[in-house]
Amino acid sequence: MALSRRSFSALAGTAVLGLALSGARPGTEASPHLARFAPTGPPPLPPRADGRLHTVGFDRHSLLVDGRRLVLWAGEMHLFRLPSPSLWRDVLQKMRAHGHNAVSVQVAWNYHSPAPGRYDFTGVRDLDLFLRTAAETGLYVVLRPGPRLDAAGADGGLPGWLTAAEDRDKTPGSAYLKHVEEWLGRVNAIAARHLFTRGRGTVLLYRIEDGHGGADGRARLDRLYQKVRADGIDVPLFRNDQGGNGHLLPGTFSSGDQRVGWLHGFDGSFPPDRSPSAREYPGTHGGTGGAGAAPRSGDGGGGDGRSVAWVGAAAASRDGWHAGVRHPRDAAQVRSLHLTRLAHGITAHQVRTAFGGTSWGWLPAPSVRTPYDDGAALDEGRRPTGRLVPVHQIGHMLQRIPDFARLERADGAKVPGLRTYHLRNPDTGARVHVLRNDGDRKVSSTLRAAGSDLPVTVPARDARLLVTELTLGRHRVRCSTAQPMLFLAAGRQDVAVFCGPRGETARLLLEYAEEPRVTRLSRQAAYVYDRGLLRVTVPLGAGGLIGVRVEDGVGERPLLLLFADEATSMRLWPYDTPEGSLLVHGPALLRTAAVRGSTLHLTGDTVAPTRLEVWGPPGISRLTWNGRAVPASVTGSESVRVHAPLPGVPEVRLPVLDGWRMRTENPEAGPGFDDTDWQVADRAPSPGTTPVPKGRSLPSADACGFPHGDVWYRGTFTDATGVDSVALTYGAGPHGLLMAWLDGHPLGTHRRPGPDTDTHRKGSGTNTSVFPVDPWLRTPGRHVLSVLVRRTQHGRDGAREDAREAARGLTAVSFGGSAPKVRWRIQGAAAPDPVRGPLNNGGLYGEREGWHLPGFPDHDWERVDFPRAVRRQGVTWYRTTFALDVPSGVDASVGLTLDDDRYRSYRVQIFLNGWNMGQYINGTGRRTFVLPNGILRTRGTNTLALAVLSELTTLSGPGRVRLTLLGAAAGGVPVEPVESPGH
């Protein structure tokens, strides 16, 4: 059944960010960004800070930059998950090389603000540097400063101090909104220096807030829109309708100068083991009809019936979690999801995540682990994954073939067993056909299109894209069974690349009134000319990159056809220079290209020895690679090809970790420990979502000013003669833990389970553990009950559960057999590290004393060897140093691997040069932790400290601890050491 324009325009949703573009209503003022008609044509040039004024607008089809249509293919990354500014350039260059033309960056308030009124935008928090680097790389920026983020970070990106500083009122005029406006003001002062509209940078779009709807949410948005505009941000603004629930649809709230014709974002998610058809349209879920309510509000609430087009961004590349089990997305699922977006007319895409990075320190939300690369195209170690293939192919296609910027639904034949979509560009007549297989078996059939029966094979839960009636320069493609990947003018010829899976046959028909001159550059290609059609047949993958050159005798520009299987397509790199476009084939990565005279200067990466061939502007006859001249010559296909392969990466050797020294801690458990400097826990319990019993409750750790990491409690009381048990109630989040001692004697440990379907979004869960008291401890006199709580961070606020208000720490204590009066003191993390920030440290004794820092004098610690087998309740520290000597010009990604008997119960905080790189929980499966270069000295000495928290029920390690080479490449970027102050 044909779909109406409104239905067609709705975006299908897996974790999707969409941008809705509404039309003006009579009597209302249209947005200054709402553009008039623009035809299909060449896209804008890659962005840079050029000092010129630019226009950024949109219509119901796409964004428009300086009047040219732009298909946005933005990859998301979080600079707070890569605490090494030098590596920002590495990731951004990889994103650009693999097809992205924009980066979507979330800016976490809690990462930059250690205390009220204090902000840090230096070092690993240098937002100005990040935005400059993005512009230098040639990427647009979608800036997302929150204040709430959906990046699975602690507290949804809100600072820990905010819980104690604010009341729960978030209405306009509240203390919360005043803090928010101060935060946005600091970000906006930086962003204003990088606006693309002013030629100062490449910030193209700005997203406000995430989450809450309702009247209060709309009122907050009103105020925040006004704030951002008042700060001089003049690019289009948009917000996110969390979950696609339709709470904040066009016309439901004011947006200053964008009362109509404004951008509207929405997202949703579903486990990746479900096909895209599970949520074919956003409106099939959500309490208010989902984002599908948007087509019903096409008139912006005014009732004049004007249609709304949806421009969306697919955040479709993250793995899903269900009942604590990962559901990884493979390349087929990622391709299926993105092609579904395209089939629904989406032209502004957000690929989430392009690079996930590391949730280091106390950064992760309760539902995630240290690595945030689940489903990312580039993994935590900055290495390509199989999911990068469709991102690379589709991204370059959307950038290099302008027909995709304006597609509308068209009629077409159905294919049994496949979901088929037919689209047409009304300007060029080009047709696009998306065929999706939602089943569990491969489907082979034919598609009737362009007067032919095109053979198609779509594997299970995969999709294919075919084109018909597509014009490439002066050449017209009647049909192609292989997906077009790119088209560009390289010197005196045009180059078109078609791609598909290895083993499939690409069939391409081109229209020529007379028989053209055809030159086979690869013997695997076959062709025949018959009745106005040139039929080219190529077995993909049979010989690497397969070429055919076509000269029609009419135009002066030949067409070079290149066919690539998936592996070969990942070594094709288009690049634009002021002298013209070029295409590079061979290396593992192309970073930069510059033409100077007759020499083309290239930088990039190689892993294995590889050939290098370039099609580019005329006059190029010489090449350099990473600053060194490489012998090359011009070929008959007008390329420049090197005479010998580029060298691969040399061997990288890693040292054995030995020379360990050990010291036990937790003196806080002993009765004689001096806690007079600790804070007295005599505050009333803070209001929140955690129920606590009257008369025996304690204030939360957040309320006492300890929003991150471990927290100690010491309760002093007199006379334990009648005490036979102690009941401790605490809130700690998934994988949280409580340990208790009475007068230094271990009472035991309680552990909370990890996140599952029922609990991972709930913030108010608590546990009560009852510990028996041995008879010999039931004596008169002074006693000390010591409690250590290891907590995870708060989750993000949600519409149903205010997870940030859930208590963390010890919340209530009661005694069995007696009711002594207890005076409590509490201690958590010391003042935030001025360089590493507030999320680096918790309240362990060793952290407060600097045992994790380089240069700490550990010469009197006990020498030990690994593996260890110790039975002890509490904290034990291990330290060693190691030196690396990675060859110059090599980018080596190194990890720390821990491995032990899975039945041993302990966990390890990992500190590298004083930086908290995450928590290892033995038995949960996570073994290798990425050590980012910059923090890791790849040509120097490093300090490694492990804080092991163990319990009495089992032996504890660490077991085997070793450095692991995750990957290496010759090339990379220069890496400056990250500041790592010592003891």
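Each reported figure results from applying straightforward, stated rules to the coordinates on display, with no laboratory input. All figures in this text were calculated on a predicted structure; none of them were measured in a lab. Cβ placement follows ideal geometry from the backbone for every residue including glycine, while neighbour counts extend to all protein chains displayed.
Odds and ends about this structure:
- Average projection area in nm² (convex hull over Cα atoms of the range 591-678, one quarter of hull surface): 12.8
- Local electrostatic count, Leu737, Cβ distance below 11 Å [Lys/Arg +1, Asp/Glu -1]: +3
- Sorting the segments 822-828, 136-142 by their residues' average number of neighbouring beta-carbon atoms within 10 angstrom, most packed first, yields 136-142, 822-828.
- Calculated FRET efficiency for the pair Thr721/Leu965, C-beta based, R₀ 56 Å, to 0.05: 0.40
- Förster radius 30 Å - calculated FRET efficiency between Leu654 and Val870, Cβ distance, rounded to 0.05: 0.65
- The range 406-642 gives an Rg/Rh value of 0.99, both radii derived from C-alpha positions and Rh following Kirkwood.
- Residues Ser452, Ser444, Ser956 in ascending order of nearby Cβ atoms (within 10 Å, fewest first): Ser444, Ser452, Ser956.
- With neighbours defined as other Cβ atoms within 10 Å of a residue's Cβ, the residues Thr446, Thr928, Thr729 order from fewest to most as Thr446, Thr928, Thr729.
- With bins 5 Å wide beginning at 0, the percent of Cα pairs of the range 385-536 falling in each bin runs 2, 8, 17, 22, 22, 16, 9, 3, 1, 0.
- Footprinting exposure proxy for His983, His179 (fewest neighbouring C-beta atoms within 10 Å first): His983, His179
- Net charge, Thr779 excluded, C-beta distance under 14 Å - Lys, Arg +1, Asp, Glu -1: -2
- Within the shell of other residues whose beta carbon sits under 15 angstrom from the beta carbon of Val477, the net charge comes to +3, with Lys and Arg scored +1 and Asp and Glu -1.
- Loop-resident chymotrypsin sites (Phe, Trp or Tyr not before Pro) (DSSP state other than H, G, I, E or B) in the range 853-905 with no more than 11 further Cβ atoms inside 10 Å of their Cβ: Tyr903.
- For the range 825-967: Kirkwood Rh in Å [reciprocal of mean 1/r, alpha carbons]: 16.0
- Cleavage-rule hits (trypsin sites (Lys or Arg not before Pro)) in the range 890-952: DSSP loop, at most 12 neighbouring Cβ within 10 angstrom: Arg902
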